[in-house]
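What follows is one structure encoded as structure tokens, with my remarks underneath.
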Amino acid sequence: MRRRKIIHIDMDAFYASIEQRDHPQYRGKPIAVGGSPDGRGGVVATASYEARKFGVRSAMPSKKAQQLCADLIFVRPRFDVYKEVSRKIREIFQRYTDLIEPLSLDEAYLDVTEDKQNIGSAIEIAKLIRQAIRDELQLTASAGVSVNKFVAKIASDMNKPDGLTFIGPSRIERFMERLPVEKFHGVGKVTAEKMKKMGLHTGADLKKLTVAELIKHFGKTGRFFYKIVRGIDDREVQPNRETKSVGAEDTFPYDLVALEEMHDQIERIATILHERLERYGLKGRTVTLKIKYHDFRIVTRSQSFAQPVGDLETIIATAKQLLEATDPVDSKIRLLGVSLSNFEGLRVRTDDDSDQLRLEL
């Protein structure tokens, strides 16, 4: 079977880099694109690399980001500009292949097994794409090249910013054995902590478990872990993949018992969801609230509207009403999630096996 040639392109600090490109006064300074720390629920969408040195990260509350970096400059996002730049990046990709699977505005998979210009080398194509992005858009991108999506995505993160990493077939299995479990795509903080408590720190540790053992401990994702630690990923690049819902959720370090705390967390999580909806230009008819209690019991509640909604106020108000309908007084809640669905034919793409974009903080 012919090996695929997969490239994962990931723009470097995309929103922040565009702001620094367009506003010289921001260059070389720590900036955060997102909500103001003065309001309630402000969240960092992207931080410049100067800000990341202080520990500022995406999805971090803006108030916390300001505490970490007193000189941090907050910039309101300009999603119309980011979308236009993303469109131009897509045009660069299309010079080489039509098999493009966007994951968001700033990253995508490309299958260049058959490339339009008959270059033949995925590494050379990745170099040409990065150079075109630099020359035409004055931005930098990092690229990972391999024979499947999983390894290409990990490779693109190895030498950021402005890096290019190739992991060939002969290196994959050994590379996966050395990889820390928290670097596995799909492994968030909660799962990583669970793995480490089980003595599973690297891919080599995961490899010692049978597929049945992995499924027992991690559900259906265990089967994916079993294959990927062996370098097996048969997922194709899917140009027209459709997602059914977009959401955000968080597992808390302690159980929430006060209604006011629950409302505060809903506002924060809904703000993250709203920024994602803005990023993709989406509105939907159905708001869903997910609740996980201290005993791991999960309930979901939904409300649908006659017309599509996407504004933050409606999402927050609806999620709070759904929460209060569950009679949360004296409840112990360990996780809350808010999502929007029923997009009426609009499409947004993800890169995992689920139909929902999740955020583990």
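Does LEU322 count as buried (at least 20 other Cβ atoms within 10 Å of the Cβ), of a type outside the set (Asp, Glu) and touching a residue at least 40 places away in the same chain (Cβ under 8 Å)?
no
With a cut-off of at least 2 residues that are in contact (Cβ under 8 Å) with a residue 12 or more places away in the chain and over 20 Å from THR97 (Cβ atoms), name the helices (runs of 4 or more DSSP H) lying wholly within the range 108-198.
Here the list reads 169-178, 189-197.
Would you be able to say whether some residue in the range 272-291 is over 24 Å from the mean Cα position of the chain (by Cα) and farther than 29 Å from LYS83 by Cβ? Let's see the steps before the verdict.
We begin by selecting, within the range 272-291, every residue over 24 Å from the mean Cα position of the chain (by Cα); these are none.
No; the residues of the range 272-291 include none that is over 24 Å from the mean Cα position of the chain (by Cα) and farther than 29 Å from LYS83 by Cβ.
Sort through PHE296, PHE252, PHE305 and tell me the only one that's at positive phi and not polar (S, T, N, Q).
PHE296
State all residues of the range 17-51 that are buried (at least 20 other Cβ atoms within 10 Å of the Cβ) and without any contact (Cβ under 8 Å) to a residue 40 or more places away in the chain; if no residue qualifies, say none.
Once the filter is applied, which keeps residues that are buried (at least 20 other Cβ atoms within 10 Å of the Cβ) and without any contact (Cβ under 8 Å) to a residue 40 or more places away in the chain, the range 17-51 yields GLN20, VAL44, THR46, ALA47, SER48, GLU50, ALA51.
Quick one: is SER36 more than 19 Å from the chain's Cα centre (by Cα) and not assigned by TED's automatic domain parsing to the domain that holds GLU267?
On the way: more than 19 Å from the chain's Cα centre (by Cα): yes; not assigned by TED's automatic domain parsing to the domain that holds GLU267: yes.
So SER36 passes the test.
Check VAL43, VAL75 and return the single one that is within 19 Å of the chain's Cα centre (by Cα) and among the aliphatic types (A, V, I, L, M).
The match here is VAL43.
Sort through LYS53, LYS64, LYS29 and tell me the only one that's more than 30 Å from GLU261 (Cβ to Cβ), outside the structural domain of ARG279 (by TED's automatic domain parsing) and out of contact with any Asp or Glu (no Cβ under 8 Å at 6 or more places or on another chain).
LYS53
Criterion first (among the small types (Gly, Ala, Ser), closer than 30 Å to VAL85 by Cβ, in a helix (DSSP H, G or I) and touching a residue at least 24 places away in the same chain (Cβ under 8 Å)) does ALA248 satisfy it? Please lay out each step first, then the result.
Numbers: among the small types (Gly, Ala, Ser): yes; closer than 30 Å to VAL85 by Cβ: yes; in a helix (DSSP H, G or I): no; touching a residue at least 24 places away in the same chain (Cβ under 8 Å): yes.
No; evaluated as a whole, the condition is false for this residue.
Please determine, by comparing only the residues of the range 281-307 that are touching a helix residue (DSSP H, G or I) at 6+ places or on another chain (Cβ under 9 Å) and more than 22 Å from THR326 (Cβ to Cβ), which one is modelled with the highest pLDDT.
Looking at the filtered set, the residue picked out is LYS283.
Considering only the range 24-80, state which residues are of a type in the set (S, T, N, Q), modelled with pLDDT under 95 and in a loop (DSSP other than H, G, I, E, B).
SER36, SER58
Output yes when any residue across the range 187-196 is at pLDDT below 95 and either more than 30 Å from TYR49 (Cβ to Cβ) or in contact with a Ser or Thr (Cβ under 6 Å, 6 or more places away or on another chain) (or both), and no when none is.
yes
Of the conditions (1) within 24 Å of HIS8 (Cβ to Cβ); (2) part of a helix (DSSP H, G or I); (3) over 22 Å from the mean Cα position of the chain (by Cα); (4) among the charged types (D, E, K, R), LYS216 satisfies every one except a single condition; which number is it?
The one condition LYS216 does not meet is (1).
Can you name every residue in the range 213-235 that is in contact (Cβ under 8 Å) with a residue 60 or more places away in the chain and surrounded by 15 or more Cβ atoms within 10 Å (Cβ to Cβ)?
THR221, PHE224, ILE228, GLY231, ASP233, ARG235
For the structure I just gave you, tell me whether VAL257 is in contact with an Asp or Glu (Cβ under 8 Å, 6 or more places away or on another chain) and closer than 30 Å to SER146 by Cα.
The answer is no for VAL257.
Hey, among THR210, THR202, which residue is touching a Leu at 6+ places or on another chain (Cβ under 9 Å) and surrounded by fewer than 20 Cβ atoms within 10 Å (Cβ to Cβ)?
Only one candidate qualifies: THR202.
The values are calculated or read from the model by the stated rules, or taken from the named source; none is laboratory data. Because the structure is a prediction, the values reported are computed rather than measured. When we count neighbours, we look across all protein chains shown, and the Cβ atoms used for this are built from the backbone with ideal geometry, even at glycine.
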